[in-house]
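Okay, structure first, notes after.
The values are calculated or read from the model by the stated rules, or taken from the named source; none is laboratory data. These numbers were taken from a predicted model, which means no experiment stands behind them. So basically every Cβ, Gly included, is an ideal-geometry build from the backbone, and we count neighbours across all protein chains shown. Heads up: the accessible areas ignore ligands, DNA and RNA and are worked out on the full protein's heavy atoms, side chains in. Shrake-Rupley method; radii C 1.70, N 1.55, O 1.52, S 1.80 Å.
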Amino acid sequence: MSEFDKRLGQKLRDVRISKGITQRSLAGEKITRNMLSLIENGSASPSLSTLMYLSEKLDTPAGYFFSQSAKDEGIYLKMMVIEKIRSAFSEKNYSKCEEIALTLPEEAFDDELSYILAVSYLNKSLEAAAEYNIVSAAEGLASAEVVSANSVYCSESFSRAIEYYSELFRSLTSDDIPALLCDIHNASEFVSHDLIEYFKTVKLLSQGEDVQALFPRGSYFDRHITAINLLMDDRSADALKRLRDLSDDPSLPYYMQYRVLSDLENAANLTGDVRIAYYASKRKLELTVKFKV
């Protein structure tokens with residue numbers, strides 16, 4: 001029994017078990033189940049034709065079983081799952097991407113896999129934020145940043161996105177809008193132009209500037225900006241109704257909720273509606289607890 005035979009047998013066994021294949025099924029008519037057991041235990045060496053047969057049934061490159069270094073094994077392990085990861089990535093199934101990728105050893109990660117995992121972490125972070133789990137969202141950004149350092153495909157725009165969302169999470173319950181959120185240079189495939197324009201417009205309006213912003217009609221951005229302009233035009237009652245409707249919309253993006261409630265509270269105070277002012281203040285406090293990082 002050589003060390004090579006032991007490693008080869010162990011690899012065969014591990015792959016078979018990971019794919020949920022029994023010894024009897026894998027052996028088929030080519031070899032006996034007893035012979036397969038001996039091979040997996042390292043007590044027998046398979047012929048080249050037998051190994052090719054087993055590799056085909058396991059849908060695994062034969063070279064994987066011959067690989068001697070961890071790096072070579074990593075390359076073959078990536079080959080075995082890369083199409084599944086690419087498919088999940090194209091379908092934006094980021095949880096599946098992460099699940100598959102994390103079964104691989106460090107040696108399997110190259111620029112492509114690191115990029116896929118980094119983008120998956122980023123998108124899962126945003127999904128967590130949308131569910132008010134800001135702690136998990138912040139952890140996801142940190143993971144994305146670490147993994148992105150291993151891929152040349154993660155350009156400056158990706159790094160900017162990490163900084164952008166980190167700042168966004170920190171300011172979710174603040175009436176102030178950091179300059180970073182308004183910087184159009186952060187726009188990319190990871191940060192939408194409209195999101196940046198929204199924060200920029202709100203900030204300028206809060207400073208009393210006259211801003212004409214064009215957002216898709218009826219969008220959350222458009223509805224909020226319209227309400228702010230009504231407030232500035234001393235049409236508090238109209239603004240109050242629009243802001244109340246907006247704040248009660250269950251699909252209102254998480255990053256807009258505190259700001260909409262702040263404007264609702266302001267409009268309620270201007271119209272003397274103490275009940276709605278209290279309602280808005282109470283919900284703001286609840287968000288402060290939910291969004292605590």
Seminar exercise, completed: Counting only backbone N atoms under 13 Å from a point 7 Å out along Cα-to-Cβ of N41, the residues of region 1-32 in range are 1
For this session: Just read off the accessible area of I228 with the full protein assembly in place, 1.4 Å probe, to the nearest 10 Å².
Result: 20
Exercise. What angle do you read, to the nearest 10 degrees and between 0 and 90, between the alpha-carbon axis of helix 134-148 and the longest principal axis of the chain?
Worked result: 50
For this session: Kindly report, to the nearest 10 Å², the accessible surface of F4 as traced by a 1.4 Å probe over protein heavy atoms only.
Result: 70
Exercise. With every protein chain present, what accessible area does H193 have (1.4 Å probe, heavy atoms only), rounded to the nearest 10 Å²?
Worked result: 90
Problem set entry | Separation of the L102 and V152 label points, Cα + 7 Å toward Cβ, nm | 2.9
Problem set entry | Folded to 0 to 90 degrees: helix 3-18 orientation relative to the chain principal axis, Cα | 50
Exercise. Taking H as built 1.01 Å from N, whose amide H comes closer than 5 Å to the amide H of F215, not counting residues under 5 places away?
Worked result: none
For this session: Would you mind calculating the gained length between K84 and E3 on full extension (0.36 nm times residue separation, minus the Cα-Cα distance), in nm to one decimal?
Result: 25.9 nm
Exercise. In what sequence, largest accessible area first, do D176, D273 appear using a 1.4 Å probe?
Worked result: D176, D273
Exercise. Can you tell me the accessible area per residue over the chain, all protein chains present, probe 1.4 angstrom, in square angstrom?
Worked result: 53
Exercise. Counting only protein heavy atoms and using a 1.4 Å probe, what share of the accessible area of the chain belongs to carbon plus sulfur, as a whole percent?
Worked result: 50
Seminar exercise, completed: With the 8 Å Cα cutoff and a minimum separation of six or more residues, the chain has a relative contact order in percent of 11
Problem set entry | Farthest toward positive dipole pole in the chain [+1 Lys/Arg, -1 Asp/Glu at C-beta], among L264, S148, S236 | S148
For this session: For region 101-181, calculate the relative contact order in percent as a whole number, restricting contacts to Cα pairs under 8 Å that are 6 or more residues apart.
Result: 28
Seminar exercise, completed: Answer in debye to the nearest 20: the dipole magnitude of the chain about its Cα centre, from +1 Lys/Arg and -1 Asp/Glu charges placed on Cβ, is 1140
Exercise. If you place +1 on the Cβ of every Lys and Arg and -1 on the Cβ of every Asp and Glu, how big does the dipole about the Cα centre of region 169-247 come out, in debye to the nearest 20?
Worked result: 280
Problem set entry | Vicinal HN-Hα couplings computed from phi for region 162-169 (Karplus, 6.51 cos²θ - 1.76 cosθ + 1.60; Hz; Gly/Pro x) | 4, 5, 4, 6, 4, 5, 4, 4
Exercise. What spacing in nm lies between the two simple spin-label points modelled at V135 and E29, each 7 Å away from Cα in the Cβ direction?
Worked result: 5.9
Problem set entry | Angle between the chain longest axis and helix 220-232 axis [Cα atoms, degrees, rounded to 10] | 20
Exercise. Considering only A179, F190, I276, whose Cα is most displaced toward the positive end of the charge dipole of region 145-278, charges sitting on Cβ of Lys, Arg (+1) and Asp, Glu (-1)?
Worked result: I276
Exercise. Dividing the Cα convex hull volume of region 121-192 by residue count, how many Å³ per residue is that?
Worked result: 81
